[in-house]
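Below: the structure, in structure tokens.
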Protein chains: 2
Amino acid sequence: MKRPGCPLCDGPGGVLVFEGPQFRLIRADEAGFPAFYRLVWAEHLSEFSDLGPAQRHLCMDAVVQVEQSLRVHLHPTKVNLAALGNVVPHLHWHIIARFDWDSHFPGPVWAPAQREAAPDRIAWVERLRTGLEEDLASRLAKGSGNLTTP
Amino acid sequence: MKRPGCPLCDGPGGVLVFEGPQFRLIRADEAGFPAFYRLVWAEHLSEFSDLGPAQRHLCMDAVVQVEQSLRVHLHPTKVNLAALGNVVPHLHWHIIARFDWDSHFPGPVWAPAQREAAPDRIAWVERLRTGLEEDLASRLAKGSGNLTTP
């Protein structure tokens, strides 16, 4: 069910990487974070625990696929996962590749910046994104019908 | 395996609410957030995707139990979930009851404060915590040997 006025019901919310019946993956346009993805649940639900067990497992298996692909392709210093939704209470997982050179590391992306990230490093991640996003789409297409296998 | 020098290997990291063989739940001492919990994985692992599928499901089933208990006992405006670990790369999930009156809402707890929370509202949550934490311990004790039932 779509909720009128919800930005994640009304539009994709970012660059669409994968779309399946239960969720989609978008690349968020967040300055300084070239590998900031969001897994958006298709149905308008507010809390993670609004999902049933099989849906939760499917959702987190997909989050893990994204995390693993980020690790393989980008070798980030850390991956950050978060389901907040205070502003847009439509279930979505932030999945963010963090690097020790990024503008906020080791702070969360929502904390104040600590430095300006070097543009050549951001460009390096951007160059790897084509391969990364092909892999992301492929992994999620394989897994989207499967409730338990990672 | 414990990692020397890791604060989540060396100590509980907060007020212990529940401890099982695979994870523990602690209440974090974060000023202004009276219902800020952390589910800490016992083994020193860095990323969520370092867990195998059964461990991941066990972990998220426990996170969901905590979220559901927070919802039942406190009726928060929103629950926030996050696995960041940039500073302490030992797998832990932040599980935070958020209220529209709290100091940072609707911003993340890591963003700048937007107001001072009213002490009487914080005290109201603190009074509910005894019942909440008994329920948390009971739910996690029941679920900790069970890999799939929420």
Which numbered condition B:Pro108 fails, given (1) within 14 Å of another protein chain (Cβ to nearest Cβ); (2) surrounded by fewer than 16 Cβ atoms within 10 Å (Cβ to Cβ): (2)
So for the stretch B:77-84 (the condition being in contact (Cβ under 8 Å) with a residue 12 or more places away in the chain, within 20 Å of A:Ser49 (Cβ to Cβ) and more than 9 Å from chain A (Cβ to nearest Cβ)), does at least one residue qualify? no
Check on B:Met1, hydrophobic (A, V, I, L, M, F, W, C), modelled with pLDDT under 95 and touching a helix residue (DSSP H, G or I) at 6+ places or on another chain (Cβ under 9 Å): yes
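Could you count how many residues in the stretch B:87-128 are among the acidic types (Asp, Glu) and over 18 Å from the mean Cα position of the chain (by Cα)? It would help to see each step written out before you state the result.
Step one: list which residues in the stretch B:87-128 are among the acidic types (Asp, Glu), which gives B:100, B:102, B:116, B:120, B:126.
Applying the additional criterion that residues be over 18 Å from the mean Cα position of the chain (by Cα) yields B:100, B:116, B:120.
Matching residues across the stretch B:87-128 total 3.
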What number of residues within the stretch B:8-59 are touching a residue at least 40 places away in the same chain (Cβ under 8 Å), away from chain A (no Cβ under 14 Å) and over 16 Å from B:His94 (Cα atoms)? 6
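Conditions tested, residue by residue: (1) more than 28 Å from A:Gly5 (Cβ to Cβ); (2) of a type in the set (Gly, Ala, Ser); (3) more than 11 Å from chain B (Cβ to nearest Cβ); (4) out of contact with any Gly (no Cβ under 7 Å at 6 or more places or on another chain).
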{"residue": "A:Asp61", "(1), (2), (3), (4)": "yes, no, no, no"}
{"residue": "A:Val64", "(1), (2), (3), (4)": "yes, no, no, yes"}
{"residue": "A:Ser69", "(1), (2), (3), (4)": "yes, yes, no, yes"}
{"residue": "A:Leu74", "(1), (2), (3), (4)": "yes, no, yes, yes"}
{"residue": "A:His90", "(1), (2), (3), (4)": "no, no, yes, yes"}
{"residue": "A:Ile95", "(1), (2), (3), (4)": "no, no, no, yes"}
{"residue": "A:Glu116", "(1), (2), (3), (4)": "yes, no, yes, yes"}
{"residue": "A:Pro119", "(1), (2), (3), (4)": "yes, no, yes, yes"}
{"residue": "A:Glu133", "(1), (2), (3), (4)": "yes, no, yes, yes"}
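The values are calculated or read from the model by the stated rules, or taken from the named source; none is laboratory data. Predicted, not measured: the structure shown is a model, and the values here were computed from it. Methodologically, a virtual Cβ is constructed for each residue, glycine included, from the backbone with ideal geometry; neighbour enumeration extends over all protein chains shown.
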